[in-house]
Amino acid sequence: MSKMKLAVHGGIPVRTAPLPSIGDISGRFFGEEELANLRQVIETGKLFRHGGTFVERLEKEFAALHGVRHAVASTSGTAAIHIAIAAVNPDPGDEIITSPITDIGSVAPILMQNAIPIFADLDPETYTLDPASVSERISDRTRAILPVHLFGNPTDMNALSAIASEKGIALIEDCCQAYLAEDKGRLVGTIGDIGCFSMQQSKHMTTGDGGITITDTDALADRACLFADKGWARGGEVRDYLFLGLNYRMNELTGAVACAQLGKVRDVVGRRRQAAERLSRRLQEVPGVQRPTVREGCKHSYWLYAITLQERAFSASPGEFAKAISAEGVSASAGYIGRPIYLAPVLREKITFGRSHHPYDCPAYGKPLEYREGDCPAAEEILRRIIILPCDEKFTDKDVDDIAEAVWKAAEFYRC
Ligand SMILES: Cc1ncc(COP(=O)(O)O)c(C=O)c1O
């Protein structure tokens, strides 16, 4: 087939109509359900979670959806992870092993609890924690493993569970991008000790910002509830602040929207899977473009749709390739977070509390640690080659076909 002139070079774009976007109503399901719940909150005047009904209902229904006994709603995914780590209660200077490709919301709570983030390398196919690398980086200070189900693709939880139980350490799942993803028939968030979700604008269910932490372990749930409510054991004659906690309480307005969104999340994930699977079938016809790899027996939930370009298959860099796709009317970007999170200034230069480098310099840790380029070579290579394509619950077949055509056009033009 002959090369077509790319839109980036003045050719006719694949599409001019914008695709449905996760950033506004064009790509999200908000409507009467959210409005009715919000109206109820306003009309009762009960906006605070204690005394209201929606946050409690959200917690019950979210736990039931996952088949676990406890859920604690909060203000963000970062808060949900902070709550999980505080529930596990590491000692200062304990290490927590996590993924180098993630949002800082997976990592900042580790430092906030005075623990040390250690980064293990990723599986080059799934972009999730490589259990062999995790094993290698376990030390006598490791207190927990915190896998990130990146883009909605489940981490190999069987392997990580085996490592965690052998070492007697906690497994905290970051499911912020992975609602209803499954590993061998089990929902993510229920396989480890504790699971964390985000309801930020772009997530499968959203309240603008919000979070929720789930667990089946009573002791973790007790600590999680207290930590998110200032450590306050309510109900006594005096205020009992049992340990150091924060106010991460979700309010009823957020809970009202979250309850309505929860009723839609299965459908949202189903629609995204359908769109992504169609895109994967279309991209099968584009040699050199690697589609998401889903391990046998797993279900991806496609927060985003990531492709990588095979080495030496194309004359363009991923950046040029993504620009060409975007010019065709399909927003694409290269590199995702750009560099592994351990090379961000906050971690590389240990910019933490005042002039100290706490907790890295705390006597309880007592060993030097530097984050360096090359620490996780597979993750660094993924970031050099990755291109992010959108995924949305409102994509039509035509939208998906246009995305595939934009990728195909760029691939044909730049093919070596
Ligand atoms: C993998 C991952 N972890 C944690 C977070 C933090 O969530 P939030 O932005 O709701 O605080 C996000 C959100 O972007 C995320 O994608």
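Odds and ends about this structure:
- Checked against the criterion of being of a type in the set (D, E, K, R), assigned to a loop (DSSP other than H, G, I, E, B), modelled with pLDDT of 95 or more and buried (at least 19 other Cβ atoms within 10 Å of the Cβ), the candidates Arg49, Arg15 yield just one match: Arg49.
- Restricting Leu187, Leu150, Leu180, Leu146 to those that are away from the ligand (no atom under 16 Å from the Cβ) and buried (at least 21 other Cβ atoms within 10 Å of the Cβ) reduces the list to Leu187.
- Cross-chain or 6+ apart pairs with Cβ under 8 Å, the stretch 375-389 first and in contact (Cβ under 8 Å) with a residue 24 or more places away in the chain and surrounded by fewer than 20 Cβ atoms within 10 Å (Cβ to Cβ), then among the aromatic types (Phe, Trp, Tyr) and assigned to a strand (DSSP E or B): Asp375/Phe119; Ile388/Tyr305
Residues checked against (1) among the hydroxyl-bearing types (Ser, Thr, Tyr); (2) away from the ligand (no atom under 16 Å from the Cβ); (3) within 24 Å of Gln201 (Cα to Cα); (4) out of contact with any Lys or Arg (no Cβ under 7 Å at 6 or more places or on another chain):
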{"site": "Ile25", "(1), (2), (3), (4)": "no, yes, yes, yes"}
{"site": "Glu43", "(1), (2), (3), (4)": "no, yes, no, yes"}
{"site": "Val55", "(1), (2), (3), (4)": "no, yes, yes, no"}
{"site": "Glu61", "(1), (2), (3), (4)": "no, yes, yes, yes"}
{"site": "Ala64", "(1), (2), (3), (4)": "no, yes, yes, yes"}
{"site": "Gly67", "(1), (2), (3), (4)": "no, yes, no, yes"}
{"site": "Ala87", "(1), (2), (3), (4)": "no, yes, no, no"}
{"site": "Asp91", "(1), (2), (3), (4)": "no, yes, no, yes"}
{"site": "Thr102", "(1), (2), (3), (4)": "yes, no, yes, yes"}
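- One residue stands out in the stretch 295-314 among those that are closer than 24 Å to Tyr414 by Cβ and out of contact with any strand residue (DSSP E or B) (no Cβ under 8 Å at 6 or more places or on another chain): the one that is surrounded by the most Cβ atoms within 10 Å (Cβ to Cβ), namely Glu311.
- Only one of the listed residues (Val238, Val257) is of a type in the set (A, V, I, L, M, F, W, C) and assigned to a helix (DSSP H, G or I). That residue is Val257.
- Considering only residues in the stretch 202-221 that are part of a loop (DSSP other than H, G, I, E, B) and within 9 Å of the ligand (Cβ to nearest atom), the one that is farthest from Tyr179 (Cα to Cα) turns out to be Asp209.
- The stretch 190-201: number of residues that are more than 10 Å from the ligand (Cβ to nearest atom), assigned to a loop (DSSP other than H, G, I, E, B) and either surrounded by 24 or more Cβ atoms within 10 Å (Cβ to Cβ) or of a type outside the set (Asp, Glu) (or both): 3
- Candidate set: the stretch 234-254, residues that are closer than 24 Å to Gln40 by Cβ and hydrophobic (A, V, I, L, M, F, W, C); chosen: the one surrounded by the fewest Cβ atoms within 10 Å (Cβ to Cβ): Leu253
- Just one of the listed residues (Thr98, Thr75) is within 16 Å of the ligand (Cβ to nearest atom) and surrounded by 24 or more Cβ atoms within 10 Å (Cβ to Cβ), namely Thr98.
- Index of the failed condition, Ile83 passing every other in (1) surrounded by 18 or more Cβ atoms within 10 Å (Cβ to Cβ); (2) part of a helix (DSSP H, G or I); (3) more than 20 Å from the chain's Cα centre (by Cα): (3)
- Restricting Thr293, Thr254, Thr308 to those that are within 30 Å of Pro90 (Cβ to Cβ) and in contact (Cβ under 8 Å) with a residue 24 or more places away in the chain reduces the list to Thr254.
The values are calculated or read from the model by the stated rules, or taken from the named source; none is laboratory data. Since the structure is predicted, the reported quantities are computational estimates derived from the model, not experimental observations. All Cβ positions, even for glycine, are placed from backbone atoms using ideal geometry, and neighbour counts span all protein chains on display.
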